[in-house]
Amino acid sequence: MEEINVHQWISGDRLIQRFEEWAPKKLAYEHDKIGLLVGTLHKKIKKVMVTLDVLENVADEAAEKNVDLIIAHHPLIFHPLKNVRSDEGQGKIVTKCIKNDIAVYAAHTNLDLADGGVNDMLADQLGLTHTDILQPSFHEALFKLSVYVPVSHAERLREVLGDAGGGTIGKYSHCSFSVQGEGAFRPEKGANPYLGGVGALEKVTEQKIEVLVPEHLLHALIQKMIKAHPYEEVAYDVIPMQNQGKTYGLGRIGQLTEPILFRDYCQRVKEKFGLEGLRAVGSPDAKIKTVAISGGDGNSLIPYAKYQGADVLITGDIYYHTAHDALLCGLNVIDAGHHIESVMKQGVKAYLSDVIAQEHKDTEVIVSESVTNPFHFVV
């Protein structure tokens with residue numbers, strides 16, 4: 001007797017749609033090569049693998065483990081390819097992914113800037129408190145959504161809007177305003193009204209519910225609102241607001257619970273990130289209390305770190321002459337290596353696992369075990 005497959009797999013399109021509710025593409029820096037880079041998302045995803053980089057060993061691991069989708073932080077294709085050869089260069093990786101029907105999706109600077117993204121993960125790993133954005137980039141647009149609903153369904157719809165992210169203001173969620181009134185409508189031929197009959201004018205007590213919605217949640221929230229609404233035709237308004245929405249930006253700055261010498265803090269950073277070694281700029285006897293951090297190239301962040309009063313900037317890359325600039329302005333620097341961004345693997349896995357559970361699907365999320373750090377220390 002043939003075994004019946006009772007598993008329900010999430011589609012690639014839906015999984016990435018939910019992922020981009022967290023790290024929308026609009027957060028990415030200009031010219032960043034994010035999004036789908038190889039393959040297709042128009043398929044069911046039984047297994048997704050999260051990785052920092054997509055190297056040949058990662059592609060081999062994905063093929064061996066029957067992975068359908070790789071979600072990476074660093075783009076596999078950043079500069080245009082002159083050719084795609086199966087025997088050398090990036091072409092080998094692309095070819096392996098295509099042969100094994102493995103899609104490759106990258107979330108780079110959009111995941112860096114996202115609330116709870118890579119920079120927040122790094123700050124959390126170090127135990128920083130009272131964190132804020134190091135280099136603000138922009139404020140997200142805000143909209144006011146107003147919808148009319150019969151009183152009988154008002155409370156449920158208000159809950160749906162709040163659960164979908166509508167009405168979040170600062171540290172408060174599910175914020176809304178309601179006013180009650182009378183709605184009137186006449187169903188025409190072909191209509192299937194929730195209330196009343198075709199050709200008859202119907203009057204009903206309704207509530208107008210208003211919530212603020214950030215731009216990146218607007219489309220998904222409207223879809224959820226329509227699905228939860230009892231009416232065949234939902235009456236609602238979307239109004240752009242002048243209020244500034246959430247601020248997004250690169251890097252984070254926060255506080256240690258107590259001051260520590262720079263030499264000792266370097267050791268702490270090594271332990272927290274599991275590093276063989278790191279490069280340090282500044283006096284070993286300096287006192288460290290305020291810490292700025294950015295996982296990638298932090299050379300442009302020295303002025304921001306200094307202006308905001310950081311005692312040290314932790315970054316994934318620092319240039320020789322930029323290190324001189326840091327010395328001149330009295331800012332200590334720790335170059336911990338780009339690979340510290342591998343903290344994103346567990347963070348993205350946790351987010352995707354939660355999404356899949358919400359969608360009531362059985363798709364498996366795994367973290368790549370392949371080593372992609374190109375550097376090692378020779379002592």
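The values are calculated or read from the model by the stated rules, or taken from the named source; none is laboratory data. From a predicted model like this one, the values you see are computed outputs, not experimental measurements. Cβ placement follows ideal geometry from the backbone for every residue including glycine, while neighbour counts extend to all protein chains displayed. What goes into the accessible areas is simple: the full protein's heavy atoms, side chains included, and nothing from ligands, DNA or RNA. Shrake-Rupley method; radii C 1.70, N 1.55, O 1.52, S 1.80 Å.
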Filtering region 39-56 down to residues that are more than 20 Å from T363 (Cα to Cα) and either part of a strand (DSSP E or B) or open to solvent by 60 Å² or more (accessible area, probe 1.4 Å) (or both) yields L55, E56
For strands (runs of 3 or more DSSP E) lying entirely in region 272-379, having 1 or more residues that are within 27 Å of L261 (Cβ to Cβ) and either open to solvent by less than 20 Å² (accessible area, probe 1.4 Å) or modelled with pLDDT of 95 or more (or both) picks out 279-281, 287-297, 312-317, 332-335
Of the conditions (1) part of a helix (DSSP H, G or I); (2) open to solvent by 60 Å² or more (accessible area, probe 1.4 Å), the single one that N110 does not satisfy is (2)
When every residue in region 195-209 that is touching a residue at least 40 places away in the same chain (Cβ under 8 Å) and farther than 13 Å from L157 by Cβ is compared, the one surrounded by the most Cβ atoms within 10 Å (Cβ to Cβ) is V204
Among the residues in region 114-122, are any of a type in the set (S, T, N, Q) and farther than 23 Å from V269 by Cα?
no
When region 246-271 is checked residue by residue, the ones that are surrounded by 17 or more Cβ atoms within 10 Å (Cβ to Cβ) and in contact with an Asp or Glu (Cβ under 6 Å, 6 or more places away or on another chain) are I253
Residue pairs within 6 Å by beta carbon, gap of at least six or interchain, first lying in region 219-246 and at positive phi, second assigned to a loop (DSSP other than H, G, I, E, B) and open to solvent by 70 Å² or more (accessible area, probe 1.4 Å), listed first then second, are none
From the option list V149, V67, V104, V94, single residue qualifying as hydrophobic (A, V, I, L, M, F, W, C), touching a His at 6+ places or on another chain (Cβ under 9 Å) and buried (at least 22 other Cβ atoms within 10 Å of the Cβ) is V149
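For region 117-144, how many residues are within 28 Å of Q17 (Cβ to Cβ), part of a helix (DSSP H, G or I) and either open to solvent by 10 Å² or more (accessible area, probe 1.4 Å) or at pLDDT below 95 (or both)?
3
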Residue pairs qualifying under the 6 Å Cβ cut-off, at least six apart or on distinct chains, with the first in region 100-122 being among the acidic types (D, E) and the second being open to solvent by less than 10 Å² (accessible area, probe 1.4 Å), are D112/V118; D112/N119
When (1) under 18 Å from H174 (Cα atoms); (2) not in a strand (DSSP E or B) are applied to V238, the one that fails is (2)
What do you reckon, is V118 farther than 28 Å from I293 by Cβ and not charged (D, E, K, R)? no
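From the set of residues in region 9-38 that are touching a His at 6+ places or on another chain (Cβ under 6 Å) and more than 18 Å from G165 (Cα to Cα), which is surrounded by the fewest Cβ atoms within 10 Å (Cβ to Cβ)? Give the derivation first.
From region 9-38, those touching a His at 6+ places or on another chain (Cβ under 6 Å) are 24, 32, 34; that's our starting set.
Keeping just the survivors that are more than 18 Å from G165 (Cα to Cα) gives 32, 34.
Values: D32: 17, I34: 21.
Only one residue fits best here, namely D32.
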From the option list I4, I77, single residue qualifying as exposed (fewer than 14 other Cβ atoms within 10 Å of the Cβ), over 28 Å from A164 (Cβ atoms) and at pLDDT below 95 is I4
Considering region 210-227, residues that are open to solvent by 30 Å² or more (accessible area, probe 1.4 Å) and in a strand (DSSP E or B), and then whichever is farthest from F19 (Cα to Cα), we arrive at E210
| Some residue of region 228-245 being buried (at least 18 other Cβ atoms within 10 Å of the Cβ) and either in contact with a Gly (Cβ under 7 Å, 6 or more places away or on another chain) or closer than 30 Å to V333 by Cβ (or both) | no
Filtering region 115-147 for residues that are more than 18 Å from the chain's Cα centre (by Cα) and either of a type outside the set (A, V, I, L, M) or under 30 Å from V160 (Cβ atoms) (or both) leaves a count of 9
Quiz item: Does region 179-188 include one or more residues that are open to solvent by less than 60 Å² (accessible area, probe 1.4 Å) and under 30 Å from F19 (Cβ atoms)?
Solution: no
The condition of being of a type in the set (D, E) and more than 22 Å from L126 (Cα to Cα) holds, among E341, E364, only for E364
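One line per residue, one yes/no per condition, for (1) part of a loop (DSSP other than H, G, I, E, B); (2) more than 23 Å from S353 (Cβ to Cβ):
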residue	(1), (2)
P75	yes, yes
P80	yes, yes
N83	yes, yes
D87	yes, yes
T95	no, yes
D115	yes, no
